[in-house]
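Q: Following this message is one structure expressed as structure tokens.
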Amino acid sequence: MAVLNMTESCSVANHAFGSALPRLALVVDDSMLIRHTVCRYFEERGFQVESASNGLEALDALQTLQPDLIVTDLSMPKMTGAELISALKERPGTAETPIVVLAAKNTGSRPADEPRADAVVFKDIDIWEQLDSAVSLIFNTAKLSER
């Protein structure tokens, strides 16, 4: 298995929500396909994006990053999403950062083990539509797909 840099950087040309600087999203998931899908969603909407494949890599990346939003899977090796969220909530620089949880399956309710998330996106339904709703709720904007 090939080892990549600790974080994967995704470049951006335009700006999120018309702000002076693009917003930064940190995407954390052990699935390369899900990371790519979520990174692409944010890139196409003007975000700068960094990604990590587990919670430990994310914490390492956060030594130099100050994201406006963190999107994390719950089930990952080395450090779960719930453990990552606990660590984030304890750090002054990330305690208030909005968090979107990526859940494996839509059970009809928020994952009981993660009530600290600002939004939940289920991987088994249209991820982009759910991300639109989550991001517009978090940043109090019109859905990005309507812009």
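Q: Enumerate the calculated ³J(HN,Hα) couplings along the stretch 131-140 in order (Karplus 6.51 cos²θ - 1.76 cosθ + 1.60, θ = phi - 60°), each rounded to whole Hz, writing x wherever the residue is Gly or Pro.
A: The phi angles translate into 4, 4, 5, 5, 5, 5, 5, 5, 9, 6 Hz.
Q: Quick one: which residues, 5 or more positions from V27 or on another chain, have an amide H under 5 Å from its amide H? H modelled 1.01 Å from N in the peptide plane, none for Pro or chain starts.
A: E50, S51, A52, V71
Q: What distance in nm separates the two pseudo spin-label positions at A104 and D60, each 7 Å out from Cα along the beta-carbon direction?
A: About 2.5 nm separates the two model spin labels.
Q: May I ask you to compute the full-extension gain from D126 to I138, defined as 0.36 nm times their residue separation minus their alpha-carbon distance, rounded to one decimal in nm? Let's see the in-between values first.
A: On the way: separation 12, 0.36 × 12 = 4.32 nm, distance 1.86 nm.
So the chain would gain 2.5 nm between D126 and I138.
Q: Further, regarding this structure: According to the square roots a ≥ b ≥ c of the eigenvalues of the Cα gyration tensor, what is the shape class of the stretch 36-76, taking rounded for a/c under 1.5, prolate for a/b larger than b/c otherwise, and oblate for the remainder?
A: Details: a/c = 2.36, a/b = 1.31, b/c = 1.80.
In terms of gyration-tensor shape, oblate.
No value in this document is a laboratory result; all are computed from the given coordinates. Every value quoted in this text rests on a predicted model; they were computed, and no experiment measured them. Every residue, glycine among them, receives a Cβ derived from its backbone with ideal geometry; neighbour counts consider all protein chains shown.
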